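Heads up, the thing below is written out as structure tokens.
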Amino acid sequence: MSSPKKLFIKTYGCQMNVYDSERMAEALGGQGYVPTDSADDADMILLNTCHIREKAAEKVYSELGRFRPLKQAKPDLKIGVAGCVAQAEGAEIMARQPLVDLVVGPQSYHRLPELEAKARSEEKALDTEFPEEDKFDHLARRPKATRGPTAFLTVQEGCDKFCAFCVVPYTRGAEVSRPAEKVLDEARDLVERGVREITFLGQNVNAYHGHEGGLAGLIWALSDIDGLERIRFTTSHPNDMDDALIDAHGTCEKLMPYLHLPVQSGSDRILKRMNRKHTAEEYIRLIERLRAARPDLLLSGDFIVGFPEETDADFADTMALIETVGYGQAYSFKYSTRPGTPAAEREQVAEEVKDARLQQLQGLLKDQQRAAQDAMVGRTVKVLFEKPGRFDGQMVGKSEYLHAVHVEAAGLAPGDLKPVTITASNSNSLAGEL
Ligand code: SAH
Ligand code: SF4
Ligand code: F3S
């Protein structure tokens, strides 16, 4: 019997890409590929890419260049580009980088087995269609092997919101919800394999409409699965946060008190130019309602500084919003011009202004993050343990609030869910005792 071929996948970008990479590995499993952690011994390398900011996209070309010696040493090695850069610039990648044998978009990767076969027969293979068929119906069934205690599960894809800065509606296509039964089947499968926490994923996951009652309905159905302990979802848009979902935060025990709800800016003028379709005030009212339902909710957000025409006063509004809301966690970015998006055509903010604003904003967010973490000391949280820590006898897991918690104790195993008293707050994690 020939030895199995090895597949190395490198994943960039959001959690949806993490999920897609798993499914790609499973799809190629049928072609005799087993995963490897090293590009050096791979027979196929796949880069699952992100197009959200210029830097993310540029990484792909520099990474590809690094594979040249590998390909020279092993002419049979196949190199593929998947994900959002593949979707946006597939043909250009093939032209610019002759090393690339295969390009596949985020909506057509169920066709990877055929594309791989084509690449093996020394033809270039490119598929960036948005096919009629549902890729999930054509993907290999997920194997029965046991796996770690947490899993992502994509339930919704694409976006119809067209924020003026964003490429996602172009790279991922129109908003589509997966049928609830298929999602729940996949969830039951995951739970049988040892998963105790599921995070529903979607570019606008709370726009999910594949179940009565929307995402809240799906969450309640998921919560009926025995053996599943925790539910999370990401990423949400403020305008799709309906009453049932707000209510679920207060009433659904398995739904964790953590919410990623990006606002991008605190200035109404900029929000309007961003096409976000809500005001700063409406966002703040929404947070109040969520906190009324679940007072200990830990909030996370995304911010863009230096969006075209952003003034000092607009930026001050963003800082004020952050002060008002108080985030436990957040991501912030300098605006990056993306070809083909409306904001790319507008008057740009100077790079050094963006730099200064980002630094100021990150300073505030870091203080808030630190304060939220420090406030955990002395409290007892529940930790779902995931893996051994760096030191002997140490295990790492996540609290309800998604803080990483390190515990030193004998006999802990991945998948254990235990009360832990927090004893210290370190730079990026907490320490605690059983
Ligand atoms: N669907 C999610 C976000 C997807 S993109 C939502 O609507 O919130 C993830 C984050 O990347 C965005 O929230 C935004 O903060 C950031 N982002 C998107 N396009 C960007 C751009 N052109 N420049 C800088 N940051 C960007
Ligand atoms: Fe992009 Fe806006 Fe859609 Fe989020 S809601 S994916 S930021 S267009
Ligand atoms: Fe990036 Fe595509 Fe996700 S652009 S953020 S990988 S949807």
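The values are calculated or read from the model by the stated rules, or taken from the named source; none is laboratory data. These figures come from a predicted structure and were not determined experimentally. Cβ atoms come from the backbone with ideal geometry, glycine included; neighbour counts cover every protein chain shown. Each accessible area value is taken on the protein alone, full model and side chains, heavy atoms only, with ligands, DNA and RNA left out. Shrake-Rupley method; radii C 1.70, N 1.55, O 1.52, S 1.80 Å.
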Would you point out which residue out of ALA27, ALA56 is more than 16 Å from ligand 3 (Cβ to nearest atom) and within 20 Å of LEU201 (Cβ to Cβ)? ALA27
Can you tell me how many residues in the range 325-355 are within 22 Å of GLU281 (Cα to Cα) and among the polar types (S, T, N, Q)? 2
What about GLY148, is it away from ligand 2 (no atom under 16 Å from the Cβ), more than 17 Å from the chain's Cα centre (by Cα) and surrounded by 15 or more Cβ atoms within 10 Å (Cβ to Cβ)? no
Reported set for the range 1-53 where residues are within 16 Å of ligand 2 (Cβ to nearest atom) and of a type in the set (Lys, Arg) is ARG53
Can you name the condition, by its number, that GLY340 falls short on among (1) out of contact with any strand residue (DSSP E or B) (no Cβ under 8 Å at 6 or more places or on another chain); (2) open to solvent by less than 50 Å² (accessible area, probe 1.4 Å)? (2)
Those helices (runs of 4 or more DSSP H) completely within the range 168-283 that have 3 or more residues that are within 20 Å of the chain's Cα centre (by Cα) are 168-171, 180-192, 214-223
Only one residue in LEU271, LEU286, LEU321 is of a type in the set (A, V, I, L, M, F, W, C), in contact with a Pro (Cβ under 7 Å, 6 or more places away or on another chain), under 25 Å from ASP243 (Cα atoms) and not assigned by TED's automatic domain parsing to the domain that holds ASP243, so which one is that? LEU286
Got a sec? Which of GLU186, GLU129 is charged (D, E, K, R), open to solvent by less than 20 Å² (accessible area, probe 1.4 Å) and more than 13 Å from ligand 3 (Cβ to nearest atom)? GLU186
Which of the following residues is of a type outside the set (Val, Ile, Thr) and modelled with pLDDT under 95: PHE162, PHE136? PHE136
Could you give every pair whose Cβ atoms fall below 8 Å, whose first residue belongs to the range 369-389 and is on the phi > 0 side of the Ramachandran plot, and whose second residue is of a type outside the set (Lys, Arg) and surrounded by fewer than 16 Cβ atoms within 10 Å (Cβ to Cβ), counting only separations of at least 6 or pairs across chains? GLY378/THR421
